[in-house]
1. Kindly provide the chymotrypsin sites (Phe, Trp or Tyr not before Pro) of the range 1-109 that DSSP labels as loop, not H, G, I, E or B, and whose Cβ sees at most 15 other Cβ atoms within 10 Å.
2. Mind running the shape call on the range 2-76? Use the C-alpha gyration tensor, a ≥ b ≥ c as the square roots of the eigenvalues: rounded below 1.5 for a/c, prolate if a/b tops b/c, oblate otherwise.
3. Apply the Kirkwood formula to the range 93-295: the hydrodynamic radius equals the inverse of the mean of 1/r over all pairs of different alpha-carbon atoms; give it in Å with one decimal.
4. Please find the FRET efficiency linking residue 401 to residue 242, where r is the Cβ-Cβ separation and R0 is fixed at 60 Å, and quote it to the nearest 0.05.
5. Just how large is the dipole of the chain about the Cα centre, in debye to the nearest 20, putting +1 at every Lys and Arg Cβ and -1 at every Asp and Glu Cβ?
6. How large is the charge dipole for the range 304-429, taken about the Cα centre, if only the Cβ atoms of Lys, Arg (+1) and Asp, Glu (-1) carry charge, to the nearest 20 debye?
7. Over all directions, how big on average is the projection of the convex hull of the alpha-carbon atoms in the chain, in square nanometres?
8. Taking the Kirkwood radius as the inverse of the mean 1/r across Cα pairs, report the Rg/Rh of the range 294-430.
Amino acid sequence: MSNLLSIETDIYSKFLECSGVTANLKYVRDGDLYFALSGRDYDGNSAVGQALEKGAKYAIVDDPRQVVSDQCILVKEVYQVLRKLAKYHRLRFRLPVIAITGSNGKTTTKELIREVLSQKYNVFATDGNQNSIRGGALLNVLRLNNSHEIAVFEIGARRVGDISELCDIIKPNYGLITNIGRAHLGVFGGSKQLIKAKSDLYQYLYAHNGKVFVNAKNRLLLKLSSCFHTPIKYLDDNDLKLVSEDDFVSVGSRFGNTVKTNLIGNYNFENIAAALCIGRNFGVEDEKGIAAVAAYVPKRNRSQFVKRKSNKVIMDAYNANLSSMIASVLSLSLMEDRNKVVILGDMKDLGDLSLSEHEKLGKKLHLLGFDKVILLGEEMLYAKKHCPNAIHFNGKSEMEKYISNWKIEDSVVLIKGSRSMRMESVLDYI
């Protein structure tokens, strides 16, 4: 065991000996460097022995009691070591780095950008939605290697300052804010703080002579990016148009050809436009970029289209806030299918605004007049008050039993809710 090794020399040399990095026991592989991160509800130190048994080459720990072999590296605080290691590693690479943040659409946009840029480059992109300053984003920085020609990082925020801190480590030279909606309002304490948190990306890029990609139809983003002399705008011309949004989004290019994608909802049109704009900026031919978008298939419960018997199911159960909920139900309302069913779970992290946000959703649901609306969770009671025809359940098992007995047929079904609601389990009962 080495006690309190220096970051830049000894620990980094140990890192270079390893084949991968992880902080999750479940994903430990042979040769990994395991970071024993701890949080409010877990202590990674307690899993050090198991991580080594699964094949980890080294484990970085900050609890002397968990130093079980010479493979353990004892430090004062694991998180600070991870942070410094990521920052040091990033400095070894000179390549274009694109940072993406926003209230909605970050992960889908990042995946689309990855697909488009991969037509010309070896692309590194954040795995899934690992965008947190507390671990996921930092681990992704350590996965950069010399084979990568361009990097795309998704960065998230749970408080004001997170974006600035991540930028200081990732050091992006390009940035994109998908939108600033109403996600995590309770965490930030209101919309002004949320705007400040997200726009920190623009501030960093401006201070470091970076470039931004901006949706020309988003007034707030145009205002926030006005300090840049030449922001790279998308959706400001007729290069791309939304042709159809029935079932799947179809887009038309300036070449006159129409391409059907595997994405649902007109809100994804903006994500597509952003990816194609970035691809064009880096020299990807339009036709290749559009083909890449058409081939992309969403996963991990993000606007997935699933067939269930005679039903078409839109599974969008990864996260939810008022802006994304309304975008989803509006998109459903525009589909030509006759029978439309909405199954929604609580929107979390809204704090004192939860009542008003759920009430607004209820009013919108009532106005759209779906054939059936099913609501789950204590907070959805506020939505139920303004959508009297909705059926409300406090418990999921009770709701799933109802859905199973009802036997939904020949319908298009939207399933959406915050991650903690685990709405994807509903699919088994349709």
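Each reported figure results from applying straightforward, stated rules to the coordinates on display, with no laboratory input. These figures come from a predicted structure and were not determined experimentally. Cβ: placed from backbone, ideal geometry, glycine included. Neighbour counts: every protein chain shown.
1. Within the range 1-109, the qualifying chymotrypsin sites (Phe, Trp or Tyr not before Pro) (loop, at most 15 other Cβ atoms within 10 Å) are 42, 93.
2. The shape class here is oblate.
3. 17.0 Å is the Kirkwood radius here.
4. Efficiency for this residue pair is about 0.90.
5. Magnitude of the dipole: close to 520 debye.
6. My answer is approximately 280 debye.
7. Computed as one quarter of the Cα hull surface, the answer is 21.6 nm².
8. My calculation of the ratio gives 0.93.
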